[in-house]
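Right, one structure below, let's go through it.
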Amino acid sequence: MSKVNPFEMAQQQLLDCAKILNLEQGVVEILLQPQRQIQVSIPVKMDDGTTKVFQGFRVQYNNALGPYKGGIRYHPDETIDTVRALAAWMTWKGSVLGLPLGGGKGGIVCNPKEMSEGELERLSRGYIRAMWQNLGPDVDIPAPDVYTNGQIMAWMMDEYSTIQGKNQFGVVTGKPIIVGGSLGRSDATAKGGMYTLREASKKLNFDLKGATVAILGFGNAGSFAATLVRDMFGCNVVAVTDSKGGVYEEAGLDIEALMAHKKETRSVVGYKGLPKLTNNDVMALPVDIIVAAAPEEGAINAEVAATVKAKVICELANGPTTPEGDEVLHKNGVHVIPDFLCNAGGVTVSYYEMVQNMYMHYWTVEDVYAKLDAAMSAAYANVYAAAEKYNINMRQAAYVVAVERVVEAMKLRGWV
Ligand code: GLU
């Protein structure tokens with residue numbers, strides 16, 4: 001597979017939407033590029049006494065609807081183009097959910113798996129020292145993403161608060177509960193995706209009970225999704241993959257046993273001596289639902305899409321499908337719940353976390369889930385209605401709903 005440039009993919013999707021909505025040239029020009037891109041060098045004292053300089057990015061894509069919002073990734077292969085694409089998708093993600101937020105994304109080129117806890121803390125604090133003037137609860141609010149977590153958010157919040165001379169819990173979200181986190185945030189992405197899957201099953205008129213599921217990616221979102229599809233709907237998870245490969249058991253996998261195997265061996269491969277499959281093998285399995293939770297952008301290209309037998313693809317990862325892949329899936333009648341709708345549960349509960357931080361009043365987990373369910377279900381219904389109205393696929397429809405709101409705000413603000 002030739003490597004796709006995720007930002008070109010995001011731009012192509014936007015141009016497609018611009019045609020459907022007949023957007024004027026000035027609007028399209030604004031939406032095709034980020035408003036601001038910041039790159040910083042972060043010197044970190046390593047445990048061996050040397051100093052290493054890391055590159056950090058923050059892309060602030062569009063803030064017509066509210067402050068920039070989006071995760072920060074720690075990844076050895078991070079590039080500005082990946083961060084740009086993800087920042088664009090964050091803009092559409094917040095908008096499609098009706099959140100008063102813009103879109104942004106950050107990244108640091110590093111390999112957290114090879115760093116000590118102390119090195120990671122110094123790197124995270126260094127990122128905030130380099131970037132703090134561009135961040136803030138009403139400016140730009142980072143959150144966890146690939147290889148970042150609650151502890152990293154706690155260090156970032158603390159560093160920012162120290163610089164400001166006062167507690168500023170609302171500067172990042174996805175924090176541990178005791179320092180201003182929200183209940184229900186840790187599994188929010190997977191949970192939100194499940195609510196959209198439930199809504200899709202109603203529209204498509206198929207029973208989730210006993211439906212077979214393949215999960216691609218067994219990290220945070222994927223592993224929560226595996227237990228949630230079983231516990232919420234009685235689905236049968238028959239295949240799971242991770243970065244090393246996948247396994248398939250027709251009768252259904254024991255998720256807890258598989259998790260224990262992964263904890264011990266660091267992979268699902270080898271579980272019960274089952275043959276090792278590739279991601280593409282798993283995409284072609286005779287299952288009802290595919291949950292695409294692996295962070296590989298553009299993995300579902302036209303060739304892979306042509307092999308899909310599932311009725312529904314839930315895109316819990318960002319950007320798993322190329323525009324050509326989309327066309328094939330649509331032609332073959334596969335219902336795609338597109339990434340920035342399907343995985344918007346994370347940022348939605350992040351927004352709830354910001355609200356709770358501002359009010360200094362914290363909600364029960366039942367409150368969070370009820371609000372999340374209502375928000376995700378309404379967003380799904382809006383997107384489905386747009387797909388019917390314009391006779392377009394679900395991704396195009398999600399773009400239509402999201403872009404229309406951002407454009408309306410830009411016009412009211414006098415940008416165009
Ligand atoms: N990183 C997550 C995403 O891509 C969450 C972002 C957030 O909570 O701000 O949606």
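Does the range 205-217 contain any residue that is within 13 Å of VAL291 (Cβ to Cβ) and surrounded by fewer than 20 Cβ atoms within 10 Å (Cβ to Cβ)?
Quick first cut of the range 205-217, residues within 13 Å of VAL291 (Cβ to Cβ) only: 208, 211-217.
Now drop any that are not surrounded by fewer than 20 Cβ atoms within 10 Å (Cβ to Cβ), which leaves 212.
Yes: the range 205-217 contains one or more residues that are within 13 Å of VAL291 (Cβ to Cβ) and surrounded by fewer than 20 Cβ atoms within 10 Å (Cβ to Cβ).
Given the condition in a loop (DSSP other than H, G, I, E, B), small (Gly, Ala, Ser) and within 16 Å of the ligand (Cβ to nearest atom), answer yes or no: does some residue in the range 366-381 qualify? Before the answer, list the steps.
As a first pass, look at the range 366-381 and keep what is in a loop (DSSP other than H, G, I, E, B): none.
No: the range 366-381 contains no residue that is in a loop (DSSP other than H, G, I, E, B), small (Gly, Ala, Ser) and within 16 Å of the ligand (Cβ to nearest atom).
Taking the condition of being more than 13 Å from the ligand (Cβ to nearest atom) and in contact with a helix residue (DSSP H, G or I) (Cβ under 8 Å, 6 or more places away or on another chain), how many residues in the range 75-94 meet it? Walk me through it before giving the result.
Of the residues in the range 75-94, the ones more than 13 Å from the ligand (Cβ to nearest atom) are 76-81, 84.
Retained after the next criterion (residues that are in contact with a helix residue (DSSP H, G or I) (Cβ under 8 Å, 6 or more places away or on another chain)): 81, 84.
Qualifying residue count, the range 75-94: 2.
Would you pick out the residues in the range 351-363 that are within 16 Å of the ligand (Cβ to nearest atom) and touching a residue at least 24 places away in the same chain (Cβ under 8 Å)? If you could, list the steps in order and put the result at the bottom.
Residues of the range 351-363 within 16 Å of the ligand (Cβ to nearest atom): 351-358.
Once the filter is applied, which keeps residues that are within 16 Å of the ligand (Cβ to nearest atom) and touching a residue at least 24 places away in the same chain (Cβ under 8 Å), the range 351-363 yields TYR351, TYR352, GLU353, MET354, GLN356, ASN357, MET358.
Kindly indicate whether ASN343 is in contact with a helix residue (DSSP H, G or I) (Cβ under 8 Å, 6 or more places away or on another chain) and of a type outside the set (Ser, Thr, Tyr). First the steps, then the outcome.
Values: in contact with a helix residue (DSSP H, G or I) (Cβ under 8 Å, 6 or more places away or on another chain): yes; of a type outside the set (Ser, Thr, Tyr): yes.
Answer is yes for this residue.
Pull up the range 140-186, narrow it to residues that are under 24 Å from SER377 (Cβ atoms) and at pLDDT 95 or above, then point me to the one that is farthest from the ligand (Cβ to nearest atom). Can you show your working first?
Narrowing the range 140-186 to residues under 24 Å from SER377 (Cβ atoms): 143, 173-174, 182-186.
Narrowing further to those that are at pLDDT 95 or above: 143, 173-174, 182-185.
Values: ALA143: 3, THR173: 5, GLY174: 6, SER182: 10, LEU183: 15, GLY184: 12, ARG185: 8 Å.
Residue satisfying both the conditions and the ranking: LEU183.
Going through PRO112, PRO137 one at a time, which residue ends up being within 16 Å of the ligand (Cβ to nearest atom), surrounded by fewer than 22 Cβ atoms within 10 Å (Cβ to Cβ), over 22 Å from ARG36 (Cβ atoms) and not hydroxyl-bearing (Ser, Thr, Tyr)? If you could, list the steps in order and put the result at the bottom.
Details: PRO137 fails: over 22 Å from ARG36 (Cβ atoms).
Selected residue: PRO112, the only one of PRO112, PRO137 that is within 16 Å of the ligand (Cβ to nearest atom), surrounded by fewer than 22 Cβ atoms within 10 Å (Cβ to Cβ), over 22 Å from ARG36 (Cβ atoms) and not hydroxyl-bearing (Ser, Thr, Tyr).
Working only within the range 330-350, note down all residues that are buried (at least 24 other Cβ atoms within 10 Å of the Cβ) and either in a helix (DSSP H, G or I) or away from the ligand (no atom under 16 Å from the Cβ) (or both).
The answer is VAL336, ASP339, PHE340, LEU341, CYS342, GLY345, GLY346, VAL347, THR348, VAL349, SER350.
Being small (Gly, Ala, Ser) and part of a helix (DSSP H, G or I) is the filter here, so list the residues in the range 198-242 that pass it. Before the answer, list the steps.
If we filter the range 198-242 for residues that are small (Gly, Ala, Ser), which is where we start, we get 200-201, 210-211, 214, 217, 219, 221-223, 225-226, 234, 239.
Result: ALA200, SER201, ALA221, GLY222, SER223, ALA225, ALA226.
Restricting the first residue to the range 67-92 and requiring it to be more than 11 Å from LYS105 (Cα to Cα) and of a type in the set (Val, Ile, Thr), which pairs with a second residue that is part of a helix (DSSP H, G or I) and at pLDDT below 95 meet a Cβ separation below 9 Å and a spacing of at least six or different chains?
Partner pairs satisfying both residue conditions: THR79/PRO6.
Which residues, counting only those in the range 301-329, are more than 15 Å from the ligand (Cβ to nearest atom) and in a loop (DSSP other than H, G, I, E, B)? If you could, list the steps in order and put the result at the bottom.
If we filter the range 301-329 for residues that are more than 15 Å from the ligand (Cβ to nearest atom), which is where we start, we get 301-313, 321-329.
Within the range 301-329, ASN301, ALA306, THR307, VAL308, LYS309, ALA310, LYS311, THR322 qualify.
Which one of these does GLY107 not meet: (1) of a type outside the set (D, E, K, R); (2) at pLDDT below 95; (3) crowded, with 24+ Cβ neighbours inside 10 Å?
(2)
Between residues in the range 188-204 that are more than 24 Å from LYS175 (Cβ to Cβ) and residues that are of a type in the set (Gly, Ala, Ser) and crowded, with 24+ Cβ neighbours inside 10 Å, which pairs lie under 8 Å by C-beta distance while being six or more apart or on different chains?
Between residues of the range 188-204 that are more than 24 Å from LYS175 (Cβ to Cβ) and residues that are of a type in the set (Gly, Ala, Ser) and crowded, with 24+ Cβ neighbours inside 10 Å, the close pairs are THR196/ALA379.
Run GLY298 past the list (1) closer than 19 Å to LEU204 by Cα; (2) more than 16 Å from the ligand (Cβ to nearest atom); (3) in contact (Cβ under 8 Å) with a residue 12 or more places away in the chain and report the number of the one that doesn't hold.
Against the list (1) closer than 19 Å to LEU204 by Cα; (2) more than 16 Å from the ligand (Cβ to nearest atom); (3) in contact (Cβ under 8 Å) with a residue 12 or more places away in the chain, GLY298 comes up short only on (1).
Tell me, please, whether a residue that is small (Gly, Ala, Ser), surrounded by 22 or more Cβ atoms within 10 Å (Cβ to Cβ) and within 16 Å of the ligand (Cβ to nearest atom) can be found in the range 389-402.
From the range 389-402, those small (Gly, Ala, Ser) are 397-398, 402; that's our starting set.
Adding the requirement that they be surrounded by 22 or more Cβ atoms within 10 Å (Cβ to Cβ) leaves 397-398, 402.
Next, from what is left, pick out any that are within 16 Å of the ligand (Cβ to nearest atom): 398, 402.
Yes, the conditions are met somewhere in the range 389-402.
The values are calculated or read from the model by the stated rules, or taken from the named source; none is laboratory data. Keep in mind that what you see is a predicted model, and the values were worked out from it rather than measured. Methodologically, a virtual Cβ is constructed for each residue, glycine included, from the backbone with ideal geometry; neighbour enumeration extends over all protein chains shown.
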